[in-house]
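Engineer: Quick one: structure below, then a few questions.
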Amino acid sequence: MLSSRRQRVLEALIEEYVAYAQPVGSRTLVDRYELGVSPATVRNELSVLEGEGYLRSPHTSSGRIPTDIGYRALVDDLLKREYGEEALLPVFDELRHAAAEADGLMDKVSEALSHLTDSLSVVLAPSVIGARVKQVSLVSMSARCALVVVVTDDGQVFNRSVDFASDVDAGDLAAVQNAINAAIAGRSVVDMKASAPTGSGVLSGALGRTILDEIVICLHQEDSARLHSLGLSSLLRKPEFSRTSFALPLLQVLEDDTVLMRLFDRSDALDDVSVSIGSENGDEAFSGVSVVAAPYGSGPSQGIVAVIGPTRMNYSNVIKAVRSAKRALQDL
């Protein structure tokens with residue numbers, strides 16, 4: 001654990017580096033920040049911080065820049081601090097009161113987040129994968145085609161057409177529909193599919209398994225379509241991504257919505273803001289960015305609000321913005 005003085009020197013260096021994206025020397029810290037110690041003490045503290053892995057020197061005789069470990073020390077300290085109502089940004093509450101519908105609110109929140117943080121903002125609507133299903137209807141369109149209609153407990157309706165390799169009798173289709181609705185009883189289709197009988201029951205037959213698979217695919221597609229993101233150009237304008245060799249892998253990954261869905265795996269969501277820095281993201285393409293994210297809503301259908309920016313981001317401001325956005329979206 002860092003001493004209070006060493007923590008202050010580290011915070012000052014990160015603040016300077018975030019502002020100017022240039023290595024920071026001891027003279028700059030002494031001149032611009034009231035650290036209350038001599039230049040020699042600052043130089044010594046910087047040397048210790050570098051030796052312990054919080055800072056690094058990109059070039060010989062240059063100043064120092066933070067490492068992922070250095071940013072982590074700052075972020076952990078920020079996340080431990082208490083934030084009252086006065087620390088939340090009122091703009092998001094104003095958006096909540098003005099939005100006429102959920103999708104409109106998510107678009108506005110994403111837009112505001114991108115503007116306030118000058119980074120990529122992402123809002124994932126509450127997942128429908130784990131939603132409790134109220135009713136499933138199977139409508140025969142022809143001998144080899146049916147329409148699957150799924151109604152969730154909260155009133156959402158989804159549908160998907162299914163093509164069969166051979167003719168399907170309307171009576172068999174009705175039997176599968178009745179079996180699915182009898183088995184649901186307020187459960188999610190995913191849970192029901194995982195515990196479907198393996199014997200000779202209707203749901204264990206080829207038609208039953210096909211319908212269950214198609215329902216899951218339908219809900220996965222709905223999840224993919226419920227992602228609201230904005231600000232990729234702002235992210236790529238940062239000096240860290242000026243080199244094509246560094247920006248291109250990130251751009252290719254971010255253009256794939258399924259990657260973003262995996263990045264914000266709801267099973268790992270915490271009750272409050274979480275921050276993943278650089279190498280902590282587990283993907284080489286994300287080694288130069290940090291992800292500040294928070295879940296909203298409740299139960300298995302939580303959504304995610306997040307900001308993706310360079311590791312050289314103003315963590316205090318971004319955490320505050322994500323917390324404020326989370327509250328605006330909480331009742332969705």
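The values are calculated or read from the model by the stated rules, or taken from the named source; none is laboratory data. Remember, it's a predicted structure, so these values are computed and weren't measured experimentally. Here Cβ is always computed from backbone atoms with ideal geometry, including for glycine, and neighbour counts include all displayed protein chains. The accessibility values were calculated without ligands, DNA or RNA, using every heavy atom of the protein model including side chains. Shrake-Rupley method; radii C 1.70, N 1.55, O 1.52, S 1.80 Å.
Engineer: For residue 87, work out the one condition from (1) surrounded by fewer than 18 Cβ atoms within 10 Å (Cβ to Cβ); (2) modelled with pLDDT of 95 or more; (3) within 23 Å of the chain's Cα centre (by Cα) it doesn't fulfil.
Structural biologist: Result: residue 87 passes all but (2).
Engineer: Mind listing just one residue for me: the one in the stretch 2-49 that is assigned to a helix (DSSP H, G or I) and of a type in the set (Phe, Trp, Tyr) and, of those, modelled with the lowest pLDDT? Explain how you work it out, then say what you get.
Structural biologist: Filtering the stretch 2-49 down to residues assigned to a helix (DSSP H, G or I) leaves 4-20, 26-32, 39-49.
Checking the rest, the ones that are also of a type in the set (Phe, Trp, Tyr) come to 17, 20.
Details: 17: 97, 20: 93.
By that ranking, first place goes to 20.
Engineer: Suppose we keep only residues that are part of a helix (DSSP H, G or I), small (Gly, Ala, Ser) and in contact with a strand residue (DSSP E or B) (Cβ under 6 Å, 6 or more places away or on another chain) within the stretch 105-146. Which one would you say is nearest to residue 92 (Cα to Cα)? Spell out the reasoning first.
Structural biologist: Step one: filter the stretch 105-146 for residues part of a helix (DSSP H, G or I), giving 105-117.
This time we only want the ones that are small (Gly, Ala, Ser), so: 110, 112, 114.
Still in the list and also in contact with a strand residue (DSSP E or B) (Cβ under 6 Å, 6 or more places away or on another chain): 110, 114.
Details: 110: 10, 114: 12 Å.
Result: 110.
Engineer: Another question, then. Which residues, counting only those in the stretch 10-44, are more than 20 Å from residue 313 (Cβ to Cβ), in contact (Cβ under 8 Å) with a residue 24 or more places away in the chain and of a type in the set (A, V, I, L, M)?
Structural biologist: Hits for the stretch 10-44 are 35, 37, 42.
Engineer: Keeping to the stretch 197-228, report how many residues are hydroxyl-bearing (Ser, Thr, Tyr), at pLDDT 75 or above and touching a Ser or Thr at 6+ places or on another chain (Cβ under 8 Å).
Structural biologist: As a first pass, look at the stretch 197-228 and keep what is hydroxyl-bearing (Ser, Thr, Tyr): 198, 200, 204, 210, 224.
Next cut, at pLDDT 75 or above only: 204, 210.
So of that shortlist, the ones also touching a Ser or Thr at 6+ places or on another chain (Cβ under 8 Å) come out as 204.
Total satisfying the criteria: 1.
Engineer: Among what's in the stretch 28-64 and is in contact with a Leu (Cβ under 7 Å, 6 or more places away or on another chain) and within 15 Å of residue 278 (Cβ to Cβ), pick the residue that is least open to solvent (accessible area, probe 1.4 Å).
Structural biologist: The qualifying residue least open to solvent (accessible area, probe 1.4 Å) is 55.
Engineer: Looking at the stretch 165-176 only, could you name the residues that are outside any loop (DSSP other than H, G, I, E, B) and open to solvent by 50 Å² or more (accessible area, probe 1.4 Å)? Quick ask: steps written out before the conclusion?
Structural biologist: Keep residues of the stretch 165-176 that are outside any loop (DSSP other than H, G, I, E, B), which gives 170-176.
Answer for the stretch 165-176, where residues must be outside any loop (DSSP other than H, G, I, E, B) and open to solvent by 50 Å² or more (accessible area, probe 1.4 Å): 170, 172.
Engineer: Among all residue pairs at least 6 apart or on different chains, which show Cβ distances below 9 Å where the first residue, located in the stretch 125-146, is more than 13 Å from residue 192 (Cα to Cα) and free of Cβ contacts under 8 Å to residues at least 24 places away in the same chain and the second is part of a strand (DSSP E or B) and among the charged types (D, E, K, R)?
Structural biologist: Within 9 Å, the pairs are 145/163.
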